[in-house]
Amino acid sequence: MEEVVDPAVEVESPPAPRPKAVPIESRFLYVDVAAMRAKQLRRGARLRYEVDPGIPSPKKPERQAMEEVRRRLVQYTVPIWKGVGKLDNPDEA
């Protein structure tokens with residue numbers, strides 16, 4: 001007998017891998033991105049990497065976030081800095 005497949009039922013495919021983030025060269029940006037990710041982990045977000053069974057992994061969300069940032073698994077954007085105390089029109093001073 002042939003197996004009948006219903007075309008309305010979609011087969012779930014595994015999720016597509018996330019693109020790697022741009023490497024962070026500034027340690028201050030590294031700390032900011034890891035802190036924001038740690039807050040997400042503390043609120044219940046799932047890890048973005050698989051824990052290897054034979055290798056010890058960090059337990060604290062802060063260390064887990066640092067590992068995710070190190071592996072470039074956390075996407076981030078840096079806002080454009082407009083300067084503090086700068087006037088839009090220098091003639092107004």
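The values are calculated or read from the model by the stated rules, or taken from the named source; none is laboratory data. Just so we're clear, the structure is a prediction, and the values are computed from it rather than from any experiment. Note that each Cβ is placed from the backbone with ideal geometry, even for glycine, and that neighbours are counted across all protein chains shown.
Some observations on this one:
- Filter pass, Leu29 being surrounded by 10 or more Cβ atoms within 10 Å (Cβ to Cβ), modelled with pLDDT of 90 or more and part of a loop (DSSP other than H, G, I, E, B): no
- Pairs are defined by a Cβ separation below 9 Å, a sequence spacing of at least 6 or placement on different chains, a first member in segment 41-60 that is under 17 Å from Leu73 (Cβ atoms) and in contact (Cβ under 8 Å) with a residue 24 or more places away in the chain, and a second member that is assigned to a loop (DSSP other than H, G, I, E, B) and aliphatic (A, V, I, L, M); the pairs so defined are Leu41/Leu47; Arg48/Leu73; Arg48/Val74; Tyr49/Leu73.
- Selection count where residues are within 17 Å of Arg71 (Cβ to Cβ), of a type outside the set (D, E, K, R) and free of Cβ contacts under 8 Å to residues at least 40 places away in the same chain, scope segment 23-33: 2
- On inspection, Asp6 does not qualify as outside any loop (DSSP other than H, G, I, E, B) and modelled with pLDDT under 95.
- Qualifying residue in segment 62-79 (condition: of a type in the set (D, E, K, R), part of a helix (DSSP H, G or I), at pLDDT 90 or above and over 21 Å from Phe28 (Cβ atoms)): no
- When residues of segment 32-61 are limited to those that are of a type in the set (A, V, I, L, M, F, W, C) and assigned to a helix (DSSP H, G or I), the one farthest from Val22 (Cα to Cα): Leu41
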